[in-house]
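Asker: Next up is a structure, given as structure tokens.
A short reminder: the numbers here are calculations on the coordinates, not readings from a lab. On a predicted model such as this, the values are computed, not experimentally measured, just so you know. Positions of Cβ are generated from backbone atoms using ideal geometry, with glycine treated the same way; all protein chains shown enter the neighbour counts.
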Amino acid sequence: MSSSAGTEFPQVIDLNVGGVVYTTSLKTLLSKQGSTLHAMFSGKETLEVDAKGRYFLDRDGVLFRYILDYLRDGTLVLPDCFREKERLKKEAQKYQLHSLVDIMVNDSRCKPPGVITVGYRGSFQFGKDGLADVKFRKLSKILVSGRAALCREVFGETLNESRDPDHGQAERYTSRFFLKHSFLEQAFDMLQEQGFKMVGSCGSGTAGGAAEPKPGVDAEENRWSHYNEFVFVRE
């Protein structure tokens with residue numbers, strides 16, 4: 001790579017950001033005075049150029065799309081359940097886009113408070129050799145209870161509303177949602193990323209089951225069924 005400084009830039013700029021190629025206008029890159037990008041493309045800083053003549057920035061190429069969108073119209077629109085807000089905030093800080101950092105900080109502070117309960121019914125899995133081959137836990141469904149709009153905000157497309165009889169009604173509460181996956185830790189990550197903290201949990205289990213289990217259900221596994229709930233709060 002060669003470096004370029006103090007040159008006259010074209011009106012249309014080809015960028016290579018961490019291996020991801022973008023094309024944008026010089027006007028967009030100069031839209032925020034005081035930013036690193038403004039300094040770079042006004043000739044105040046040295047720029048690296050890749051083998052194809054594109055200006056190279058050694059930053060996260062995937063997240064740069066949101067930086068570019070912000071430079072274009074001054075707003076930030078993220079996908080539902082966007083899971084890299086802290087990394088994006090770090091990128092905004094590196095580019096010295098202080099107004100974008102403020103938007104992200106204020107957005108996290110302005111989220112409405114609420115409570116969501118996550119529960120699951122499951123059993124401990126047993127292998128062919130019984131306890132010697134135990135595989136920890138087996139979940140059938142992860143259940144979600146709370147205000148419907150809040151549950152949608154947190155879980156987005158991973159939320160299954162198919163069995164809810166009041167589907168579509170606004171500002172209501174439900175205990176009939178469940179998730180389309182069975183990864184408990186993924187549900188916890190999504191809650192944490194939306195500003196929720198776990199404030200309580202409870203569990204119950206059975207060690208009985210004299211009745212014959214359903215066809216295909218392991219008799220030993222059926223004996224050790226349990227139900228657990230976790231309460232999350234965003235203040």
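Asker: Sort C202, C151 so that the residue with the fewest other Cβ atoms within 10 Å of its own Cβ comes first and the one with the most comes last.
Answerer: Ranking C202, C151 by Cβ neighbours within 10 Å, fewest first, gives C202, C151.
Asker: For K89, K197, which order do you get if you count the other beta carbons within 10 Å of each Cβ and list the fewest first?
Answerer: K197, K89
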